[in-house]
Amino acid sequence: MIEVRGLTKFYGEHAAIRDLTFSIERGQVVGFLGLNGAGKTTALRVLGCVLLPTSGQVTIDGFDVVREPHEIRKRIGFLPDTPPLYDEMTVGGYLAFVARLRGVPAADARKRVEEVEAVTSLAEVDGQVIASLSHGFRQRVGVAQAMVHNPALLILDEPTGGLDPVQIVEMRELIRKLKGAHTVLVSSHILSEISQVCDRLLVIQAGEIVAQGSEAELAGRVGSGASIELEVKGPGVRAAEVVRAVPGVKAVSVVREQGGVASLKVEAATDLRPAIARGLIAAELDLLRLDRGADRLESIFLKLTHGKEAAS
Ligand code: ATP
């Protein structure tokens with residue numbers, strides 16, 4: 001779907017992106033991950049035919065961004081970092097307007113608006129004026145306007161930016177729903193916000209791709225161990241003893257003990273959750289929760305971008 005070869009963009013003397021090369025297959029959800037100023041928006045704007053590249057080649061669905069942007073615009077939907085909304089319009093009115101702009105025939109526009117409102121959970125605010133919407137709803141209207149002409153490729157620049165934790169989960173669910181029907185390229189500076197929905201991540205730092213792959217592949221690349229958190233019913237000391245005996249476990253600590261429930265943190269060479277679960281069950285300890293540690297993802301990201309570990 002997307003072929004990028006040697007893409008470079010200078011702003012004056014400053015190279016915002018340098019020699020980016022990657023390809024994205026149809027139907028994939030790919031995350032563009034990088035710290036502020038890494039070059040994500042610049043790269044996405046070139047792909048979205050909003051900005052001309054300085055050099056390199058970009059084709060989308062076989063069309064070239066420099067020579068055939070009109071063909072590409074029919075096939076893509078773009079959510080910029082600030083959604084292009086008209087505050088005085090109603091949600092339904094605005095989406096119908098965008099649909100017409102993007103070439104949806106007048107007779108089909110209302111039906112198409114209802115379809116995207118269903119996918120983006122906007123039906124309840126169809127008649128509401130955009131100015132009165134919360135930030136989360138505005139972001140959803142931004143996604144809806146990007147997909148109203150049913151494009152093959154959706155480019156979403158920081159769709160989770162400024163959202164609260166509930167809205168982040170909802171946005172993630174929305175991106176999941178888009179998968180398959182659309183190819184999706186989504187950017188974020190927070191790995192944990194997008195890693196769950198992405199088939200592949202492209203990590204960009206100071207304008208260059210420093211790593212790419214699935215979350216597991218990236219973890220393997222930095223040689224990061226697995227941090228695991230668990231809760232068991234019963235004494236923490238006993239649980240720690242059992243977990244410590246599992247081959248590959250490097251360190252175990254009881255972080256809390258309350259109401260007969262012990263919370264433990266485990267450092268291991270690899271993701272040992274199955275072996276730990278088996279060990280605890282064999283020792284007749286009731287396992288209440290077993291997750292990979294939340295700090296792990298950001299630690300991988302920081303190692304990839306800075307070559308150092310995150311403080312945990
Ligand atoms: P953020 O997450 O903060 O949006 P980003 O990864 O999207 O960051 P870009 O906005 O692409 O990064 O910026 C990459 C670099 O290019 C930065 O150093 C930025 O200051 C610079 N830059 C971006 N837009 C312009 C511009 N219009 N003129 C000059 N420099 C720019």
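Being away from the ligand (no atom under 14 Å from the Cβ), in the same structural domain as Lys177 (by TED's automatic domain parsing) and more than 25 Å from Leu191 (Cα to Cα) is true for just one of Glu25, Glu13, Glu71. Which residue is that?
Every option except Glu71 fails the conditions.
Among what's in the range 72-84 and is buried (at least 18 other Cβ atoms within 10 Å of the Cβ) and not aromatic (Phe, Trp, Tyr), pick the residue that is nearest to the chain's Cα centre (by Cα).
So the residue we want is Leu79.
Looking at (1) within 16 Å of the ligand (Cβ to nearest atom); (2) under 20 Å from Gly48 (Cα atoms); (3) modelled with pLDDT under 90; (4) surrounded by fewer than 18 Cβ atoms within 10 Å (Cβ to Cβ), which is the one condition that is false for Ile190?
(2)
Taking the stated definitions as given, is Glu208 within 24 Å of Gly56 (Cα to Cα) and surrounded by fewer than 21 Cβ atoms within 10 Å (Cβ to Cβ)?
On the way: within 24 Å of Gly56 (Cα to Cα): yes; surrounded by fewer than 21 Cβ atoms within 10 Å (Cβ to Cβ): yes.
Considered against the rule, which asks whether it is within 24 Å of Gly56 (Cα to Cα) and surrounded by fewer than 21 Cβ atoms within 10 Å (Cβ to Cβ), Glu208 comes out as yes.
So, in the range 252-298, exactly how many residues are open to solvent by less than 80 Å² (accessible area, probe 1.4 Å), at pLDDT below 90 and in a strand (DSSP E or B)?
3
Checking Cys198 against (1) within 8 Å of the chain's Cα centre (by Cα); (2) under 28 Å from Pro69 (Cβ atoms); (3) within 13 Å of the ligand (Cβ to nearest atom), only one condition comes out false. Which one?
(3)
Which residues, taken from the range 167-178, are open to solvent by 10 Å² or more (accessible area, probe 1.4 Å), touching a residue at least 12 places away in the same chain (Cβ under 8 Å), farther than 10 Å from Glu193 by Cβ and not polar (S, T, N, Q)?
Within the range 167-178, Glu170, Arg176, Lys177 qualify.
Going through the range 127-164 one residue at a time, which ones are at negative phi, in a loop (DSSP other than H, G, I, E, B), open to solvent by 10 Å² or more (accessible area, probe 1.4 Å) and at pLDDT 90 or above?
Gly127, Gln128, Leu133, Ser134, His149, Ala152
Is there a residue being open to solvent by 70 Å² or more (accessible area, probe 1.4 Å), in a helix (DSSP H, G or I) and either within 16 Å of the ligand (Cβ to nearest atom) or under 25 Å from Met171 (Cβ atoms) (or both) anywhere in the range 30-42?
no
Of the conditions (1) buried (at least 21 other Cβ atoms within 10 Å of the Cβ); (2) at pLDDT below 95, Pro69 clears all except one; give me its number.
Result: Pro69 fails condition (1) only.
Working carefully through the options Asp81, Asp61, find the one that is touching a helix residue (DSSP H, G or I) at 6+ places or on another chain (Cβ under 8 Å), of a type in the set (D, E, K, R) and within 16 Å of the ligand (Cβ to nearest atom).
Details: Asp61 fails: within 16 Å of the ligand (Cβ to nearest atom).
Going through Asp81, Asp61 in turn, just one is touching a helix residue (DSSP H, G or I) at 6+ places or on another chain (Cβ under 8 Å), of a type in the set (D, E, K, R) and within 16 Å of the ligand (Cβ to nearest atom): Asp81.
Got a number for residues in the range 46-66 being open to solvent by 60 Å² or more (accessible area, probe 1.4 Å), closer than 19 Å to Glu25 by Cβ and assigned to a loop (DSSP other than H, G, I, E, B)?
Number satisfying all stated conditions: 1.
Since Arg100 meets every condition but one in (1) more than 15 Å from the ligand (Cβ to nearest atom); (2) open to solvent by 50 Å² or more (accessible area, probe 1.4 Å); (3) in contact (Cβ under 8 Å) with a residue 40 or more places away in the chain; (4) closer than 29 Å to Leu133 by Cα, which condition does it not meet?
(3)
I need a count of the residues in the range 43-56 that are more than 15 Å from the ligand (Cβ to nearest atom) and among the basic types (Lys, Arg).
Within the range 43-56, residues that are more than 15 Å from the ligand (Cβ to nearest atom) and among the basic types (Lys, Arg) number 0.
The values are calculated or read from the model by the stated rules, or taken from the named source; none is laboratory data. Since this is a predicted model, take the numbers as computed values, not measurements. Glycine gets a Cβ as well: all are built from the backbone with ideal geometry, and neighbour counts include every protein chain shown. Ligands, DNA and RNA are excluded from the accessible area calculation, which covers all protein heavy atoms including side chains. Shrake-Rupley method; radii C 1.70, N 1.55, O 1.52, S 1.80 Å.
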